[in-house]
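Asker: Here it is, the structure, as structure tokens.
The values are calculated or read from the model by the stated rules, or taken from the named source; none is laboratory data. Everything numeric in this text was worked out from a predicted model, so none of it was measured. No Cβ is skipped: glycine too gets one built from the backbone with ideal geometry, and neighbour counts run over all protein chains shown.
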Amino acid sequence: MADYSYRSNRQPKSKSGSRIFLFLVLLVIIAALGIFSFTQYLAIQSLQSDLELFRENLNQVETENQQLRQRYDDIIEENEKLREENHMLRSSTIINHGNRDTNKVAITIDDGAGPELINQTLAHLRDYDVKATFFPMGSWVERYPEIWQQAIEDGHELGNHTYNHAFLTTISEDRVREELTHWQEAVDEALGYNYKTLFFRPPGMDGFTSINSNKTKQLQEIIANKGMFPILWDIELVYALRNESYTTARVTEHVLANARGGSIVLLHFTHIDIAALPAILSGLRNRGLEPCSLSELLLVDFKL
Ligand SMILES: [Zn+2]
């Protein structure tokens, strides 16, 4: 009896205990699975929203990209138009002077000389704090590179005047191109970098005396293709004083009597012209005019 009661009391108790245990284990597993699935669900949800965001960003980037591409195409087209206009402008413009509404007068000095005269020129310009434009032949730049380096260091600028002072109507178009390129090479070599100039001055004005001739148009086309404008002048001395005695006093007087706002003065690297430079610079200032380089005259105020 005692045994039976022991067994009958023990066995059901042990069975329901293990059931409860199993039930609890199951419950824990289900709960764990539930929690696991829920976190998975949350992770997927967050991934999905990340993906959505990413897709939106991608769309936005693609739209921006398309807009940029369109802008790039527009700029290229605009650039092409400007290039054409520029070329037309260069090949149809011959500059004799700048804007007449300014008080600026460009000082341009042509050809070449030895270091002594160039240094003297630079010293005069330094004394008056004036920047000028020089048109040396390439052969002179090649011969004395240091003084032209000094000129650039002082803030002056160089324009193309051919390598050999070639008279352009007397040589073939190919030779004209060679003369221009050779000048560029000599200047690049002397300065140690690719020097850019917009200015070309025809030696002896050759080819630019009757500006509507076919020859002039051909030359202008070549010069424009090299990215330059032909620069003439409205005040020069060689022809103006050809029937007079050519003295420093006369040179100074002629320049001061004729210069006005926008003028381009043509001097040469000669002892007489360079000796006149201080009186020309101070005389211009006394008349309310401001001597300057071609860039300062043409690229700031010149209205085409
Ligand atoms: Zn010359």
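Asker: Name the residue that is surrounded by the most Cβ atoms within 10 Å (Cβ to Cβ), counting only residues in region 126-164 that are small (Gly, Ala, Ser) and more than 16 Å from the ligand (Cβ to nearest atom).
Answerer: Among those residues, the one meeting the criterion is ALA151.
Asker: Do we have PRO278 as surrounded by fewer than 17 Cβ atoms within 10 Å (Cβ to Cβ), of a type outside the set (Val, Ile, Thr) and closer than 25 Å to TRP140 by Cβ here?
Answerer: yes
Asker: Further question: Sort out which residues of region 194-208 are within 16 Å of the ligand (Cβ to nearest atom) and either in contact with a helix residue (DSSP H, G or I) (Cβ under 9 Å, 6 or more places away or on another chain) or at pLDDT below 95 (or both), and write them in order of number.
Answerer: Listed by number, the residues that qualify are THR197, PHE199, PHE200, PRO202, PRO203, GLY204, MET205, ASP206, GLY207, PHE208.
Asker: A further question follows. Please tell me if ARG55 is free of Cβ contacts under 8 Å to residues at least 12 places away in the same chain, under 30 Å from ASN225 (Cα atoms) and within 50 Å of the chain's Cα centre (by Cα).
Answerer: no
Asker: Another question, if that's okay. Select, from LEU191, LEU219, LEU180, the only residue that is surrounded by 17 or more Cβ atoms within 10 Å (Cβ to Cβ), assigned by TED's automatic domain parsing to the domain that holds HIS268, more than 16 Å from the ligand (Cβ to nearest atom) and not acidic (Asp, Glu).
Answerer: LEU191
Asker: Give me a count of the residues in region 249-264 that are touching a residue at least 60 places away in the same chain (Cβ under 8 Å) and buried (at least 23 other Cβ atoms within 10 Å of the Cβ).
Answerer: Adding up the residues that qualify gives 2.
Asker: Could you go through region 204-212 and let me know if any residue there is of a type in the set (Phe, Trp, Tyr), over 30 Å from ARG126 (Cβ atoms) and surrounded by 17 or more Cβ atoms within 10 Å (Cβ to Cβ).
Answerer: Yes, region 204-212 contains at least one residue that is of a type in the set (Phe, Trp, Tyr), over 30 Å from ARG126 (Cβ atoms) and surrounded by 17 or more Cβ atoms within 10 Å (Cβ to Cβ).
Asker: I've got another one for you. If you go through region 281-299, how many residues are farther than 16 Å from ASN96 by Cα and surrounded by fewer than 18 Cβ atoms within 10 Å (Cβ to Cβ)?
Answerer: The number of residues fulfilling the criteria is 6.
Asker: Would you please list the contacts, defined by Cβ atoms under 7 Å and residues six or more apart or on different chains, that run from a residue in region 77-101 that is farther than 16 Å from LEU219 by Cα to a residue that is of a type in the set (S, T, N, Q) and surrounded by 10 or more Cβ atoms within 10 Å (Cβ to Cβ)?
Answerer: Close Cβ pairs satisfying both conditions: HIS97/SER263.
Asker: Next question, about the same structure. For the structure I just gave you, tell me whether ASP110 is at pLDDT 95 or above and away from the ligand (no atom under 16 Å from the Cβ).
Answerer: Spelling it out, it is not the case that ASP110 is at pLDDT 95 or above and away from the ligand (no atom under 16 Å from the Cβ).
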